[in-house]
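Input: a single structure, listed below in C-alpha cells.
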Amino acid sequence: MNGFTPNNNTNVIRLLSEAIRKCNKSRNRILMGAVVLCILTLTFVFGTAYGKINAEYTKNIRMDGTTASTYIEEGTKQQYEKARSLGYVRETGRRMKMGEATESGKKESICSIQVLDQTAWEKMMKPAYTGVHGTYPKKQQEIMLPVKTLKKLGIDIIWLSPIYKSPFVDQGYDIADYYAIAEEFGTMEEFDELLAEAKKRDMHIIMDLVINHCSDKHEWFQKALADPEGEYADYFYFREGKNGNPPSNYRSYFGGSCWEPVPGTDKYYLHMFAKEQPDLNWENPLLREKLYEMINWWLEKGLAGFRIDAIINIKKDLDFPDFKPDGPDGLAGCWKMVDEVDGVGELLEDLKKHTFQKYEAFTVGEVFNMKEGELDAFIGENGHFSTIFDFSAHMLSEGEHGWYDAPPVDFKEWRKAITDSQLRVQNCGLEANIIENHDEPRGVSRFLPDYAQNPTGTKMLGTISVLLRGIPFIYQGQEIGMQNAVWNTVDEYNDINTIDQYHTARDAGLTDKEALEACSRLSRDNARTPMQWNTRENAGFTTGTPWLKVNDNYTEINVETQDTDPDSVLNYYRKLIALRKSPAYKEVFAYGEFLPVYQNTSSVMAYYRKTENQRILITANFGKEAVSLTLEYPVKQILLSNMASAEHSLPSNDIITLNSCEVLVFELETL
C-alpha cells in the first residue's frame, strides 16, 4: 500500500496499522477459504498506480495519535497556527517554506504533524481541512483511513502491490532497492508495525514480489553499466548485436524492441517490459542466491507470503532465436520465446525450496504462459505456488494485433471460459478468482452488457465470482462497483502500456477517436483512477490535484453514500462475503465441488457448490429478459438475492423465474 507524501514521518503504512489495530481480533487463519483484499499501493505519488489507501474502507478519517502529513494553504494558516498554539496539534518534522513544494503557484506550508485532539482540530480547521493531505510536484493526494470496513468486509489477507524504493516508471514494478520502503509510503519501522498489528488480529500481509526484472536504477544494474564485462553484467542479459541490429527481433510487452543498447559498447541488454526494467539473469546462481536472501529476509520479518509478478518470464532461451514477425514493426512478441522454452519448472522449484517452503508462505503466481498439462505442477499440495490467478475470462479480450482489434466479451464464451477453468482445476488445487485487478479494466464495464452496468448487475457479477470454487481476490473499488472512466485525450493516461497501445492503433490506421475508444475499454488506468470516497471535490481523494483523473461518476458511485445505504453494492458485498465465510457454509464454499448447470440456456450462468452434506445453487440471469428454470432439487431456503425489492418465497413447484440481472443463491435438499 502506499501513500503519497515525501515526509518519512507520515505514511500510509502507519495509517493502515492504526486501522487494523481498531479492528476486532476474530480473523480466520490463513487458509484456502480466505478472502483477499488487493490494496495495491494505494495512492502512488510518482505517476503510479491504484488510487486508494485502502481497500475496505471507512467513510471518515480518525487520526487520533497517528502521524500524518498535511499542507496548509495561506488562507487557513491563521487557524492552523491557533490550533498549534492551543496544543491540538504538534509538528513532528521540518516546516517547509511557503511555496517550496508546489509548482502551482499556490502558497502552501508543508510539515509533518501529529493530531492530539481530533475533535478540536476538526472543528477549528473545517471546512478548509477535510482530511489528511500531502503535496508533491503535481501530486497532491488525500489518504483515507480504513478502520471499520476492514472488519465489516471480512478480509483475511491484504495484498500490497510494490512499496519498495522505485523510480515508479511502471507503478513501482521497477524496484531500485528490494530492502527499502519508498519514502512516499513510509518507513521500514512503520511497516514492521503494520505486520505486528496484523498478526495480533490473525490477519495476514502479502506483498508483490517482482524478480523477473528490477529497475535500471538498481545498484546491480548501475554496476553492470559501469563494467559491461564484469561480474554484475552477468546479473542481466548483456548480448552483442547482430550485423548492427539487436540480438533478436523480440518486441517487449510494452512495445518496441526488447533490446536496449549498452552505452559505449556494441552490446544490448534485455528488457521484456520497459527499457527501465532490465531482466534479471536467472541462470546465474549467484544472482538467484541474492534474490533468495532478500525473499527470506522479508519472510523472517513475518510477511505471510507474496504475489509473484510475471514469474513465468524468468526462463529464457539463451540463444535468443528470432521468430516470425507478427506486426508491421518487423518484431515478434517476446512471449513467443516464453511459450517455446522449457525448464521454468526447475527454476520455480529451486525458488520454492530455498524460500517459500521453509516458511510455509502463501504464494499466488501471475502465470499466463503455462503449457498444456502443467497445472498440477503449479498449484496443489506439491505445486510451485499455493495458487495462481485465473485469467481465463480476461484472455477473451485479447486482440490479434492489439487492443484496437480486441473483440467484446461474449456471454457464452465467458461462461464457458469460467466453467472450463473451474472443472479443470478442481482436481488439483484452488485458483485465485478475480473480476479485475490493477492490470485490467473494471470488470463491470468489461463483462456486463450496457443494460447490466448498474448496481443490480454489479451485485450479480460479484456473486458469481465470489462464490466460485477458489480464493476470491477483491480489488479496491470493486466492492462499490467502480467502472471504467471516460478518457478524452491520450494525455490523460499515465500507463505506459496504454500509451503504447494508442500509438499501435494509430499506426494501424485508426483515427484519434477510434484509438481512444479502444484504450478506454481496456486501459489499466481504468482500475487506477483515485478511489471514490464521497461526493466532494475529487471524490474526497484530495483537495489538491490528483495524480490521475477522477472518474466523472464519483457523485453516484462512492463509499460514503453506499456505506449507509442498506441496498448498496458495498453492503451487498459485505453480506456476500459474510455468507461465504459463515460457519454454516464455509466448508461448502471453500472446498465444495463445482458443478455447472443450465449450460443450454442463452443467458444463465449457474452452478452448484456441493459437499456430501450440502448443495448450494448459484444462478444468475445475464439476459435482458426474464427467464424460467426448472429446479432439479427441492429448495430448503433462499440464502441471498441481489434484488431487495423482489418478493421471494420458496417455490411451490419446481419452477423459478429470474428477472434480468437477478442472482439467487439457494440452499437445496441433498436427497
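The values are calculated or read from the model by the stated rules, or taken from the named source; none is laboratory data. Everything numeric here is computed off the predicted structure, so don't read it as measured data. Cβ atoms come from the backbone with ideal geometry, glycine included; neighbour counts cover every protein chain shown. Side chains included, ligands, DNA and RNA excluded: accessible areas come from the protein's heavy atoms. Shrake-Rupley method; radii C 1.70, N 1.55, O 1.52, S 1.80 Å.
Counted as qualifying within the range 508-599 are the helices (runs of 4 or more DSSP H) with 2 or more residues that are among the small types (Gly, Ala, Ser) and crowded, with 20+ Cβ neighbours inside 10 Å, namely 512-522.
Among the numbered conditions (1) free of Cβ contacts under 8 Å to residues at least 12 places away in the same chain; (2) surrounded by 22 or more Cβ atoms within 10 Å (Cβ to Cβ), tell me where residue 617 comes up short. Unmet for residue 617, out of (1) free of Cβ contacts under 8 Å to residues at least 12 places away in the same chain; (2) surrounded by 22 or more Cβ atoms within 10 Å (Cβ to Cβ): (1). Among the residues of the range 496-519, those identified as within 25 Å of the chain's Cα centre (by Cα) and among the acidic types (Asp, Glu) are 500, 517. The criterion of being at pLDDT below 95 and over 30 Å from residue 256 (Cα atoms) holds for residue 382.
Residue-wise test of (1) under 22 Å from residue 37 (Cα atoms); (2) in contact with a Pro (Cβ under 6 Å, 6 or more places away or on another chain); (3) without any contact (Cβ under 8 Å) to a residue 40 or more places away in the chain.
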| site | (1), (2), (3) |
| --- | --- |
| 338 | no, no, yes |
| 350 | no, no, no |
| 355 | no, no, no |
| 358 | no, no, no |
| 367 | yes, no, no |
| 375 | no, no, no |
| 395 | no, no, yes |
| 409 | no, no, yes |
| 420 | no, no, yes |
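Is it true that residue 355 is under 19 Å from the mean Cα position of the chain (by Cα) and within 26 Å of residue 341 (Cα to Cα)? Spelling it out, it is not the case that residue 355 is under 19 Å from the mean Cα position of the chain (by Cα) and within 26 Å of residue 341 (Cα to Cα).
Per the listing 292, 235, the residue uniquely out of contact with any Gly (no Cβ under 8 Å at 6 or more places or on another chain), surrounded by fewer than 19 Cβ atoms within 10 Å (Cβ to Cβ) and in contact (Cβ under 8 Å) with a residue 40 or more places away in the chain is 292. Here the helices (runs of 4 or more DSSP H) wholly within the range 341-399 that include at least 3 residues being open to solvent by 40 Å² or more (accessible area, probe 1.4 Å) and farther than 25 Å from residue 322 by Cα are 344-354, 356-359.
Under the condition of being within 22 Å of residue 425 (Cα to Cα), touching a residue at least 40 places away in the same chain (Cβ under 8 Å) and not hydrophobic (A, V, I, L, M, F, W, C), the residues counted in the range 453-483 number 5. Of the residues making up the range 626-637, not one is over 22 Å from residue 599 (Cβ atoms) and in contact with a Phe, Trp or Tyr (Cβ under 6 Å, 6 or more places away or on another chain).
Taking each residue of the range 310-323 that is crowded, with 18+ Cβ neighbours inside 10 Å and looking for partners that are among the charged types (D, E, K, R) and part of a loop (DSSP other than H, G, I, E, B) with beta-carbon atoms closer than 7 Å, six or more apart or interchain, yields 310/366; 311/366.
Every residue, every condition in (1) at pLDDT 95 or above; (2) closer than 17 Å to residue 176 by Cα, yes or no:
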residue	(1), (2)
225	yes, yes
231	yes, no
239	yes, no
243	no, no
257	yes, no
267	yes, no
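Among the residues making up the range 239-262, those that are touching a Phe, Trp or Tyr at 6+ places or on another chain (Cβ under 8 Å) and either open to solvent by 20 Å² or more (accessible area, probe 1.4 Å) or more than 15 Å from residue 316 (Cβ to Cβ) (or both) are 239, 240, 241, 246, 249, 253, 254, 257, 260, 261, 262.
Considering every residue within the range 177-192, establish whether at least one is part of a helix (DSSP H, G or I), open to solvent by 30 Å² or more (accessible area, probe 1.4 Å) and touching a strand residue (DSSP E or B) at 6+ places or on another chain (Cβ under 8 Å). Break it down stepwise before answering.
We begin by selecting, within the range 177-192, every residue part of a helix (DSSP H, G or I); these are 188-192.
Pick out the ones that are also open to solvent by 30 Å² or more (accessible area, probe 1.4 Å) and you get 188-189, 192.
Subsequent filtering for residues that are touching a strand residue (DSSP E or B) at 6+ places or on another chain (Cβ under 8 Å) retains 188.
Within the range 177-192, one or more residues are part of a helix (DSSP H, G or I), open to solvent by 30 Å² or more (accessible area, probe 1.4 Å) and touching a strand residue (DSSP E or B) at 6+ places or on another chain (Cβ under 8 Å).
Of all residues in the range 508-531, those that are over 19 Å from residue 328 (Cα atoms) have Cβ atoms under 7 Å from Cβ atoms of residues that are of a type in the set (Lys, Arg) and open to solvent by less than 10 Å² (accessible area, probe 1.4 Å), 6 or more apart or on another chain, in 526/442; 527/442; 530/52; 531/52.
Residues to consider are 276, 300; find the one that is within 28 Å of residue 350 (Cα to Cα), open to solvent by 20 Å² or more (accessible area, probe 1.4 Å) and free of Cβ contacts under 8 Å to residues at least 60 places away in the same chain. Walk me through it before giving the result.
Numbers: 276 fails: free of Cβ contacts under 8 Å to residues at least 60 places away in the same chain.
After ruling out the rest, the residue left standing is 300.
Of the residues making up the range 438-497, those that are over 24 Å from residue 546 (Cβ atoms), modelled with pLDDT of 95 or more and aliphatic (A, V, I, L, M) are 448, 452, 460, 461, 464, 466, 467, 468.
Kindly check whether there is at least one residue in the range 408-426 that is open to solvent by less than 20 Å² (accessible area, probe 1.4 Å), of a type in the set (Gly, Ala, Ser) and within 22 Å of residue 501 (Cβ to Cβ). Within the range 408-426 (the criterion being open to solvent by less than 20 Å² (accessible area, probe 1.4 Å), of a type in the set (Gly, Ala, Ser) and within 22 Å of residue 501 (Cβ to Cβ)), the answer is no, since none of the residues qualifies.
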